[in-house]
Amino acid sequence: MEGLHIHGVSHAYGNNRVLNNVSLVIPGGELVCLLGPSGCGKSTLLRLAAGLETLQEGSIVINDVTVAAAELHTAPEHRHIGLMFQDYALFPHLNVLGNVCFGLSGMAKRKARTRAMEMLDQVHMAGHAEAYPHMLSGGMQQRVALARALAPEPRLLLLDEPFSGLDTNMRTQIREDTLEVLRASGVATLMVTHDPEEAMYMADWIKILGRNGRILQTGNPHEIYYHPRDEFVARLFGLMNTVEGVVEGAKVETPFGAVDAGAAADGETVQVLIRPEGIVLESGEGEVGVPVDVRSTHLLGHSSVVRVATRTDAGGGQEFFVRVHKDFAPELAHRVMAYINPAHCFVFLIGEGGDVPGADDLNVAGADKDALKSPDAKAKAQTGPHRVEAAE
Ligand code: ATP
């Protein structure tokens with residue numbers, strides 16, 4: 001079968017075991033993202049597939065040819081792979097055309113030039129064929145690197161955090177252009193990233209690699225986001241609110257309404273993870289939901305994060321982060337009601353999922369990352385225009 005088959009790969013650096021029985025299949029024309037926190041072994045797997053690291057356990061097959069197994073190590077240059085790294089790694093002394101032609105050394109010069117120009121055309125860089133890398137923006141260099149990687153028609157393309165050096169606006173355009181070129185090429189692609197949004201945007205399939213070097217979940221972006229198998233996977237997508245409860249009648253109560261307890265049995269103590277978009281705020285005297293006090297609001301651009309507290313007889317209750325549409329201005333609201341959207345709530349037995357990613361593991365936007373700090377720490381840091389008095 002065309003594509004990549006990795007079977008039962010384990011790897012250790014000395015006593016540090018970084019990959020634990022990892023298997024994956026990427027058919028030709030599909031893109032699989034390996035997503036996980038920094039240091040979980042993503043690049044190691046990619047380097048093993050490339051042949052830049054010697055395999056210790058398992059096997060790697062590309063287009064039905066075993067390239068690594070016990071006692072077998074095919075050199076990188078004989079694996080027919082394309083590689084693209086975060087820093088693009090273009091040769092500074094060669095112009096754009098020279099860089100793309102570099103991987104076509106086995107081809108007649110004229111044919112190589114025609115093929116290189118064809119690839120440059122696909123990535124919209126044909127007009128810059130004579131330019132040198134230092135004359136190009138990061139996005140342009142990324143396009144050239146993609147053309148260079150695909151020019152020899154590799155059997156497998158390996159991308160290591162390919163867009164992380166680009167600014168936000170350029171990244172979206174280049175992701176889209178890259179997907180178009182990859183679809184046209186029909187190549188199997190393995191991309192590693194610690195950016196969940198990047199993985200969601202690019203991947204046909206996402207594989208979550210945990211800190212123990214095991215694959216924790218495989219699914220398409222929708223499945224991974226809406227049906228995370230454990231707490232680790234759920235928390236990869238950023239900010240989460242947590243409440244604990246005991247299952248009763250297959251439901252568990254949250255301050256904003258009950259949610260289905262899933263597989264947890266009655267009487268079990270569980271935690272409910274609620275995404276900020278899982279709490280819905282409405283201004284006014286609506287009948288639905290429970291009243292909450294708004295502690296602060298933070299406009300992030302496309303959305304706002306609002307910090308609210310439930311009310312108790314003793315005064316302020318538990319704090320929650322809520323994501324709302326940017327135009328919602330709860331500080332102006334006379335009264336704010338909150339209710340739950342169960343699609344963004346996940347129930348897990350306490351301790352399920354083991355290792356849990358922290359704020360620094362996540363590649364969320366700066367303001368979101370800041371919001372991940374504990375509500376108490378945030379409250380202390382609140383000053384000036386951010387401070388919003390509780391709505392009565
Ligand atoms: P990042 O996203 O930060 O690049 P990663 O998930 O790609 O992380 P790896 O680069 O594969 O992780 O590294 C996994 C672990 O193995 C880390 O603890 C790293 O320090 C260690 N490691 C990686 N390469 C080597 C090496 N050549 N020798 C010793 N340890 C290494």
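Nothing in this text is a laboratory measurement; each read-out follows from the coordinates by a stated rule. The model shown is predicted, which means the values in this text are computed figures rather than measured ones. Positions of Cβ are generated from backbone atoms using ideal geometry, with glycine treated the same way; all protein chains shown enter the neighbour counts.
Quick notes on this one:
- The packing ranking, built from the mean of other Cβ atoms within 10 Å per residue, places the peptides 114-122, 227-235 in the order 227-235, 114-122, highest first.
- Förster-model FRET efficiency, 22 Å R0, GLU248 and ASN220, C-beta, rounded to 0.05: 0.05
- With helices as the sole contributors, the chain gives -6500 deg cm²/dmol at 222 nm; each DSSP H run of n ≥ 4 counts as -39500 (n - 2.57), and the sum is divided by every residue.
- Restricting attention to the chain, lysine pairs at least eight places apart or on different chains and with alpha-carbon atoms under 26 angstrom apart total 9.
- Residue-wise HN-Hα couplings along segment 239-247, as the Karplus relation 6.51 cos²θ - 1.76 cosθ + 1.60 with θ = phi - 60° gives them from phi, are 2, 9, 9, 10, 10, 9, x, 10, 6 Hz; Gly and Pro carry x.
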